[in-house]
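Structure, as structure tokens:
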Amino acid sequence: MRFGALEAGGTKMVCAVGNERGEILNRISIPTETPKITMPKLLAYFQDQEIQALGIGCFGPIDLHPDSETYGYITTTSKLAWKHYDILGYFRRHLGIPLGFDTDVNGSMLGEATWGCARGLDTALYMTVGTGVGVGILAGGKLLHGMQHPEGGHILLPKREGDPYAGKCPYHKTCLEGLAAGPAIEERWGKKAAELCDQPDVWELEAYYLAYAITNYILILSPQKIILGGGVMHQEQLLPLVREKVADMLGGYMQTKELSDLASYLVPPSLGDDQGILGALKLGMDACGEII
């Protein structure tokens, strides 16, 4: 069977077709402009693919409650052209096939849980650090939703002593995203993250804030594995620093086999940056009632 997958990001929309084995048969990337410009291009791609279902992993916030009047909408996004846009309804009206829908970062978590390094685990966490910070959570073998969906990038953090930066988030200033996402790094240091690779102070501070948040995730959720993705995490020196600081912050309080080997516990994505599109593929499969 052929399933469609859409990884709907704020910068680009990745469209793909795959099968129940997790094989991507073809894909394209379309810039994220306005719905009027972008949506017909997405539709044209999927209409030509003979797919049985479509899975969508979408930037948020989004409404995930099927009984809500705004189910399938992008809600209070800062991308104003997409605010209160019914992205799921658009495809429902034009395709008439089963649709799966979740956040893009939950999609990445699902991709890793289905075909990647979190396969077989009951509880895991995926965090992406890039233009924003997002968190997807697998709990009890299912993606966590709750009253909306996890917004782990917006947990409030105390600033480290001596840090004068006011924070970038328009809602919370010094939440994790406001202190550690790519735009915050650029505003704080005057250069994009990729241009700061040889500046140890940048990554020591970045690792501090990421580790502070991760330590709290560990204590609250007790995940069996944490996966760290996104453009900022492409800095190879960052993940080892995060591991060191998480170990210091936990202070030996939790004694588990997972935490005894942080190199196997705090890990990069295992699917070659395909975790998001593969998660969307699985959302489509689940909507169609397929079982791997």
Quiz item: Among S270, A53, M1, whose Cα sits farthest toward the positive end of the charge dipole of the chain (+1 at Cβ of Lys/Arg, -1 at Cβ of Asp/Glu, about the Cα centre)?
Solution: A53
Quiz item: How large is the dipole of the chain about the Cα centre if only Lys and Arg carry +1 and Asp and Glu carry -1, each at its Cβ, rounded to the nearest 20 debye?
Solution: 420 debye
Quiz item: Which aspartates and glutamates have a Cα lying under 12 Å from the Cα of K168, excluding residues fewer than 8 positions away in the same chain?
Solution: E177, E186, E187
Practice problem: Please work out how much accessible surface K83 shows to a 1.4 Å probe, ignoring ligands, DNA and RNA, in Å² rounded to 10. | Solution: 90 Å²
Quiz item: Okay, helix-only estimate at 222 nm for the chain: each DSSP H run of n ≥ 4 adds -39500 (n - 2.57), divide by all residues, round to 500 deg cm²/dmol; what do you get?
Solution: -10500 deg cm²/dmol
Quiz item: Hey, got the dipole for the range 5-101? About the Cα centre, +1 on K and R Cβ, -1 on D and E Cβ, debye to the nearest 20?
Solution: 320 debye
Exercise. Assuming a ≥ b ≥ c are the square roots of the Cα gyration tensor eigenvalues, decide whether the range 141-275 counts as rounded (a/c under 1.5), prolate (otherwise, with a/b larger than b/c) or oblate.
Key: rounded
Quiz item: For the peptides 231-237, 90-96, 205-211, what is the packing order when you average, over each peptide's residues, the other Cβ atoms within 10 Å and list the highest mean first?
Solution: 205-211, 231-237, 90-96
Quiz item: Percent of accessible area on the chain owned by carbon and sulfur, 1.4 Å probe?
Solution: 52 percent
Quiz prompt | Most to least accessible of K79, K245 (protein chains only, probe 1.4 Å) | solution = K79, K245
Practice problem: Between beta-carbons, use under 12 Å as the cut-off and find the net charge around F101, counting Lys and Arg +1, Asp and Glu -1. | Solution: -4
Quiz item: Measuring with a 1.4 Å probe in the full set of protein chains, what accessible area per residue, in whole Å², belongs to the range 13-87?
Solution: 47 Å²
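The values are calculated or read from the model by the stated rules, or taken from the named source; none is laboratory data. What you are looking at is a predicted structure, and each value in this text was computed from that prediction instead of being measured. Glycine also receives a Cβ, built like all others from the backbone with ideal geometry; neighbour counts cover every protein chain displayed. These area figures cover heavy atoms from the full protein model, side chains too; ligands, DNA and RNA do not enter into them. Shrake-Rupley method; radii C 1.70, N 1.55, O 1.52, S 1.80 Å.
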